[in-house]
1. How large, in percent, is the carbon and sulfur part of the accessible surface of region 217-324 at a probe radius of 1.4 Å?
2. Just the Kirkwood number for region 230-310, please: inverse of mean 1/r across all distinct Cα pairs, in Å, one decimal.
3. At a 1.4 Å probe radius, carbon and sulfur cover how many percent of the accessible area of region 64-162?
4. 5 Å is the cut-off here: which amide hydrogens, built 1.01 Å from N in the peptide plane, fall below it relative to Arg389, excluding neighbours closer than 5 in sequence?
5. Out of every Cα-Cα pair in region 133-290, what percent are more than 25 Å apart?
6. So what are the ³J(HN,Hα) numbers for region 149-159, from phi and the Karplus equation (6.51, -1.76, 1.60; θ = phi - 60°), rounded to whole Hz, Gly and Pro as x?
7. Out of Phe19, Thr376, Ala119, whose Cα points farthest toward the positive end of the dipole of the chain (charges: +1 Lys, Arg; -1 Asp, Glu; placed on Cβ)?
8. Find the all-direction average of the projected area of the Cα convex hull for region 1-87, expressing the result in square nanometres with one decimal place.
Amino acid sequence: MTLNQTNTLFVFVASVLVFFMTPGLAFFYGGMVSKKNAVNTMISVFMITGVAIVLFIAFGYNLALGKDVGGIFGLSKSVFLNGFDLKTLYSKDSGITILTYLMFQMMFSIITPALFVGAVVGRMKFKFLLAFVAIWSILIYYPMVHMVWTPDGILAKTGMLDFAGGTVVHITAGITALFLSIFVGPRIDFDPNGEVKHYNLPWVLMGTSILWIGWYGFNVGSALTVSDVATQAFLITTVATGTSFVVWMFLDMFIKEKTTMIGLCTGALCGLVGITPAAGYVTVAGAFAIGFICTLASYGFIHVIKPKLKLDDPLDVFGCHGVSGIVGSILTGLFATKIVNPQIENGLLYGGGLHLITAQILGTLFTIIFVGIMTTIIVLLLKRIIPIRVSKEDELMGLDLAEHGEQADYGIEFEEK
């Protein structure tokens, strides 16, 4: 077996694109919140780059991709990668080394916990969030990687498909966001039907664009090879996202009678999330269907169900990542086809029977239950040590000054009428 330099360069570029998503997310979230919480929101996202890197190198790689223990997590005696021969080829088909694959997976470990930050902006103590991210990565994220993306993982053995992180990244982050928003409680001035203020809409558009570009590293890079599957994943990602973008735009035009920047960017995000588990498995028609259906599901939750639940998830992390992630994961069992990827079994609509769709449903349900239970345990134990929420005075002041002593003194505060 020899090193494939083309595939190695391909995965290097994909890794950089995935890393770029986290600062992009900081702008996306930072532009959506109120001015007094913009700095806190961006710091809360960006600090995860350092924390996740240290954790992944110290022992995260072992727990996620090390020697199998019961199909749930990996384990070895190595700390800080001592004992690993990083020059060994990861797989014969890809021709990339363990080091190259490790770097690619490290970037996923950064962006995933950054996603759920949007559910608790403006009210969670920074120290609690920092501790939660570290514990969450160890007890939830690394095991999910092992269960889904290693051959011995319990979900992988069922035949469940997740090309680039529908369950591992988006459902996991979305369910965590849902539980965190419930535990921390609504903001003091929360009104489920009230007007929404955003600090800087140009930041939101810039963040969305960065995320969309980075998502090509996310989805296309998951092929690990310069191949037909990678090329198809590029096209499929684009089609699903464009579809969601347009569907959300028309829903806003006909239901709310106006098109908003937040709506367009949210629609694009739902398409990116929904197609992630299926990017290397479906046709263009399947991508269109997934983008369309995921948008309807997320739009319905955000605008109809969420206000009735009085859920304070201000940046709609669960509405986008949770709902579209769940729907996209299940739809993979309908639209996956050997026409695109000969290494998989056909989905239900391509004559594959009930096996794949059943595996997708059960795997999705398992992820929801596992993440929900583990998040609950972490929060209940951690808040005995660190207060989960800032004081009323700090919340009214804004976490930029209360938590960091800094403030965003420039930008455009836009109020939707």
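1. Working: 2610 of 3620 Å².
Of all accessible area on region 217-324, carbon and sulfur atoms account for 72 percent.
2. It works out to 12.6 Å.
3. Exposed carbon and sulfur together represent 65 percent of the surface.
4. Lys125
5. Numbers: 5197 of 12403 pairs.
In whole percent, the share of Cα-Cα pairs in region 133-290 beyond 25 Å is 42.
6. 10, 10, x, 8, x, 5, 7, 4, 5, 6, x
7. Thr376
8. 8.0
The values are calculated or read from the model by the stated rules, or taken from the named source; none is laboratory data. Keep in mind that this is a model prediction, so the values were computed, not measured. As a convention, Cβ positions derive from the backbone with ideal geometry for all residues, glycine included, and neighbour counts pool all protein chains shown. Heads up: the accessible areas ignore ligands, DNA and RNA and are worked out on the full protein's heavy atoms, side chains in. Shrake-Rupley method; radii C 1.70, N 1.55, O 1.52, S 1.80 Å.
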